[in-house]
1. Let me know the shape class of segment 5-156, please: from the alpha-carbon gyration tensor, a ≥ b ≥ c as square roots of the eigenvalues, rounded when a/c is under 1.5, otherwise prolate if a/b is greater than b/c, or oblate.
2. Test of understanding: ordering Arg136, Arg207, Arg116 by Cβ neighbours within 10 Å, fewest first, what list do you get?
3. Is the C-alpha gyration tensor of segment 70-114 telling us rounded, prolate or oblate? Criteria: a/c under 1.5 is rounded; beyond that, a/b larger than b/c is prolate, otherwise oblate.
4. Give the angle, between 0 and 90 degrees and rounded to the nearest 10, that separates the Cα long axis of helix 68-80 from the longest principal axis of the Cα atoms of the chain.
5. May I ask you to list the residues of segment 253-283 whose amide nitrogen lies under 11 Å from a point 7 Å from Cα along the Cα→beta-carbon direction of Lys211?
6. Would you grab the residues whose amide H sits under 5 Å from the one on Ile229? Only those 5+ places off in sequence or on another chain, please, with H modelled 1.01 Å from N.
7. Using the crude model of +1 on Lys and Arg Cβ and -1 on Asp and Glu Cβ, and no other charge, please compute the dipole size for the chain relative to its Cα centre, in debye to 20.
8. Fewest first, what order do Tyr279, Tyr253 take by the number of other Cβ atoms within 10 Å?
Amino acid sequence: MTSSVRIITDSACDLPDALVQQLGIEVVPLFIRFGDDELIDREQLTTSQFWERCSTESDLPTTAAPSPGRFKESIERLKGEGATGVVIINLSSAMSGTMQSAEVAAAELKESLDIRVVDSRTVTMGLGSIVIACARAAQGGSSIDEVEAMAHDLASRSKVWGALDTLENLRKGGRIGGAKAMLGSVLSVKPIIEVRDGSVQEGGKVRTRSKALTFLVDKVREAMIHPGISQLSVLTAASSDVDAFMAQLKTVYEGEIIVGEIGAVVGSHAGRGTIGVAYFENR
């Protein structure tokens with residue numbers, strides 16, 4: 001019997017729908033709350049609807065992890081489609097209880113299917129890039145052991161840098177990790193964050209938006225020199241200057257650049273105007 005490995009992730013991956021469909025990826029949604037109103041990410045709330053709502057709501061949105069039941073539904077659906085194994089790759093367990101739900105579901109269904117759960121230790125297109133690579137490997141016939149090993153390897157080499165336009169969302173959302181020191185920053189500072197060791201850390205501070213974008217391009221340029229990088233992605237939260245940023249990046253990087261729209265999960269914590277890069281460092 002041929003092996004048919006499928007990938008499940010969560011809606012913090014910020015992957016474009018077209019890629020999700022093309023690669024047969026199953027995306028389990030988190031919940032987005034505006035006050036007492038709870039919506040299912042990507043199902044009841046598109047990214048554009050989310051940003052529209054943010055501009056009219058007085059309260060900042062919050063997020064909640066999916067239940068184990070949602071993961072069980074996805075696992076059972078893939079099994080029904082002929083999957084012989086499933087690798088679930090989730091956003092960092094240090095940022096959300098999503099992975100815990102996946103582990104509960106996997107434990108309950110382990111007798112019926114080979115299920116592996118991997119902590120990406122990252123988020124947004126850092127997570128999305130791992131998922132893309134693993135889904136392509138699975139489609140190419142890789143075994144479940146190979147796909148799981150690839151997910152762990154890429155998670156250890158993933159880098160995400162982001163230039164925030166505001167610290168307000170991170171401050172209120174509590175997902176600030178080691179970036180707490182930035183909260184005392186004067187308003188004229190544009191904060192740079194880095195996802196490091198599974199959580200949001202301070203990456204730097206610059207004075208202007210243009211300097212923030214140059215900082216990101218410089219990070220890519222430096223990493224290309226040493227240790228070298230692959231699969232560069234750009235992440236954008238309704239940023240008006242993403243095209244100009246892409247043009248800047250293309251002066252230093254000639255390969256394919258995947259653009260991911262920061263959706264409701266990450267957008268709730270990062271805020272509108274966030275722009276960033278994700279890539280894998282070479283060994």
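1. Prolate is the answer for segment 5-156, as a/c is 1.5 or above and a/b outweighs b/c.
2. Arranged by neighbour count, lowest to highest, Arg136, Arg207, Arg116 become Arg207, Arg136, Arg116.
3. Judged from the Cα gyration tensor, segment 70-114 comes out prolate (a/c at least 1.5, a/b above b/c).
4. 50 degrees
5. Inside the label zone: nothing.
6. Residues meeting the criterion, in which the H sits 1.01 Å from N, are Asn282.
7. Dipole size: approximately 920 debye.
8. Going from least to most buried by this count: Tyr253, Tyr279.
No value in this document is a laboratory result; all are computed from the given coordinates. Quick caveat, the model's predicted, so the values are computed rather than measured. Cβ atoms come from the backbone with ideal geometry, glycine included; neighbour counts cover every protein chain shown.
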